[in-house]
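Where a number appears in this text, it was derived from the coordinates with a stated rule and is not lab data. Here the structure is a predicted model, which means the values were calculated and not measured. Every residue, glycine among them, receives a Cβ derived from its backbone with ideal geometry; neighbour counts consider all protein chains shown.
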Amino acid sequence: MSLLPVRVYPDPILNQMSEDVIVTPENRAELETLIQDMTETMKANNGMGLSAVQVGVLKRILTATFNKKDFYMLNPVLLDTSERDAKGLEGCLSFPKLVAEIARPDWCVVQYETLDGETKEERYRDYDARCIIHEIDHMNGEVFIDRMEEHKRFFLKGALQSMKTRYEQEHPTGV
Ligand SMILES: [Zn+2]
């Protein structure tokens, strides 16, 4: 197993759409390794969830750890969510040290696939639902600050700007 580098804001890959995963006998072992590496990477960074795009792979895969239980999902789809939103504090491994209050449904029903080709359905509440929805957003090229109310995002301007400056220093263009 190996730890994978986590892509951080404003890496443009974070705004890209991930593709559905199709498991074949040829790619199964590779996907299994990716899921193991994502799980290790997530836990090493004290994360609760991680989407493949965050380690530079544009595939609809998430890993998560709830109540000390690790799991993964392939091609997760939200079947249903509560109409009522709940506000809660959220962080993201692609935005180190940033915490923001985001309104999200307080429960969701998600359908997903496994490496064995099974289709499963699960219902999540509270912070678990928040995490799953956050990770599915990543697969659609959306990050949590996109979900913030405009006037609240204003207060993060400084933090986001210093992340941009650092990213530009680490990824110089024109060389
Ligand atoms: Zn995230």
Is the shape of segment 87-138 best called rounded, prolate or oblate, per the rule: a/c under 1.5 gives rounded, else a/b larger than b/c gives prolate, else oblate, with a ≥ b ≥ c the square roots of the Cα gyration tensor eigenvalues? oblate
Note on segment 12-170: alpha-carbon gyration tensor, axes a ≥ b ≥ c; rule is a/c under 1.5 for rounded, else prolate if a/b larger than b/c, else oblate; result oblate
For Lys68, the lysines lying under 21 Å Cα to Cα, once residues fewer than eight places off in the same chain are dropped, come out as Lys43, Lys120
Packing-based ranking, highest mean first, of 69-79, 32-42, 152-162, 127-137 given that Cβ atoms within 10 Å are counted: 127-137, 32-42, 69-79, 152-162
Quick check: from the Cα gyration tensor, does segment 3-45 come out rounded (a/c under 1.5), prolate or oblate? oblate
Based on DSSP, what percent of beta bridges with both residues in segment 12-170 are antiparallel, to the nearest 5? 95
Tell me which of Val110, Gly158, Pro25 sits at the most positive position along the dipole axis of segment 12-170, charges placed on C-beta atoms (Lys, Arg +1; Asp, Glu -1). Gly158
Using just the helices of the chain, give the 222 nm mean residue ellipticity in deg cm²/dmol: DSSP H runs with n ≥ 4 each add -39,500 (n - 2.57), and the total is spread over all residues, rounded to 500. -8500 deg cm²/dmol
Cross-link reach from Lys87 to lysines, straight Cα distance under 17 Å and at least 8 residues apart if same chain, gives Lys152
Work out the length of the dipole vector of the chain about its Cα centre, built from +1 on the beta-carbon of each Lys and Arg and -1 on the beta-carbon of each Asp and Glu, and round it to the nearest 20 debye. 700
